[in-house]
Amino acid sequence: MSIAPAPVIPVVVFPGSNDDRDAQRALELLGAESPRVWHTDEQLPAATAAVVLPGGFSYGDYLRCGAIARFSPVMQAVSAFAADGGLVLGICNGFQILTEAGLLPGALRPNESLSFVCRDVALIVETSESAFTSRCGQGRELSIPVKHGDGCWFVDDALLEELDANGQIALRYADGANPNGAVGNVAGVLNGDGNVFGLMPHPEHAVDALLGSTDGALILGSLVDAARLSAAVLV
Amino acid sequence: MRATVLVRPKPGILDPQGQAVEGSLRHLGFDVAETRVGRLVDVELATEDRAEALAELERMCEQLLTNPLIESYTIELGAA
């Protein structure tokens, strides 16, 4: 089997996205080829092996965070890609968009504190058996920054239990570190098939020791590994 | 036809905004048991048919105006 040298992982740019270049830079640092894709594009690049929806304030967060972005042309392509088993990662606003689009369970509400939080948080890796956490090590504690006003993830108790039993809760805030009031301390959640993942922390801001932590590279590096494998299968 | 859609956080959903308003009202001396904050959307529809308007507004609520997981809605139709 030939290994594709640089899997193509586009980063989608919505009006109001502001972490797209950080995500692009982080992915390229980790060995991916990462073109930016405009929200009006109706198709993803031909060799796309995974897609990243970056952080920001798409469409000004009007109505509800992520509610408007889900109707953009590129999201139809992203939904189709995900339905075919394609790897999709949503970071912060990207996570909000994926929940609004119905690609991930739950909804993101204003932080319990009503304050915008911007700081490093301690996270616990609940499963390393996913395309997004394979490099992380189960039970490991990561330090990755959050910066959001609407990160209070909500599902009802029954669904939380079900998601937990299915191993879909991949990332939790460490005890006492929950920055937003999310139920079950959930920081990141997978879809049922494990090919779509959303998280509030920003791994793309934690890939360089100069900025305090390189733990984000474990998450994005896992995605690059998985994208490389899926690209090799496609070839 | 004019209509107003009222969107509310569902019961049991944490509403920190409502809690903050409640605290401020108490601070002002009002005897308030609970405050919840929602959203109001005024819509001017092309149709004058009430049944048609209602059906359309319900579709709007389901597709965009509300997130059914966390919000409920009521529709108030204007006088024909």
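Observations on the structure shown:
- Test: residue in region A:84-99 that is at positive phi, within 14 Å of chain B (Cβ to nearest Cβ) and buried (at least 22 other Cβ atoms within 10 Å of the Cβ): no
- Residue list for region B:1-41, filter: away from chain A (no Cβ under 14 Å), under 20 Å from B:THR74 (Cβ atoms), outside any loop (DSSP other than H, G, I, E, B) and not β-branched (Val, Ile, Thr): B:ARG2, B:ALA3, B:LEU6
- Taking the criterion of being within 15 Å of the chain's Cα centre (by Cα), over 18 Å from A:GLY216 (Cβ atoms) and not in a helix (DSSP H, G or I), the residues of region A:75-127 that qualify are A:GLY86, A:ALA101, A:GLY102, A:LEU103, A:LEU104, A:PRO105, A:GLY106, A:ALA107, A:LEU108.
- Among residues of region B:18-37 that are touching a residue at least 24 places away in the same chain (Cβ under 8 Å), those with a Cβ under 7 angstrom from a residue that is surrounded by 10 or more Cβ atoms within 10 Å (Cβ to Cβ) and assigned to a loop (DSSP other than H, G, I, E, B), sequence gap 6+ or separate chain, pair up as B:ARG36/B:ASP15; B:VAL37/B:ASP15.
- Extreme residue, farthest from the other protein chains (Cβ to nearest Cβ), among residues of region B:50-68 that are without any contact (Cβ under 8 Å) to a residue 12 or more places away in the chain and surrounded by 13 or more Cβ atoms within 10 Å (Cβ to Cβ): B:GLU52
- Qualifying residue in region A:24-38 (condition: out of contact with any Asp or Glu (no Cβ under 8 Å at 6 or more places or on another chain), surrounded by fewer than 17 Cβ atoms within 10 Å (Cβ to Cβ) and under 26 Å from A:TRP153 (Cα atoms)): no
- Set side by side, the residues B:ALA3, B:ALA33 differ, and just one is in contact with a helix residue (DSSP H, G or I) (Cβ under 9 Å, 6 or more places away or on another chain) and loosely packed, with under 14 Cβ neighbours inside 10 Å, which is B:ALA33.
- Test: residue in region B:71-80 that is within 16 Å of the chain's Cα centre (by Cα), under 26 Å from A:ARG70 (Cβ atoms), within 11 Å of chain A (Cβ to nearest Cβ) and at pLDDT 95 or above: yes
The values are calculated or read from the model by the stated rules, or taken from the named source; none is laboratory data. Note that the structure is a prediction, hence the values are computed from the model and not measured. Positions of Cβ are generated from backbone atoms using ideal geometry, with glycine treated the same way; all protein chains shown enter the neighbour counts.
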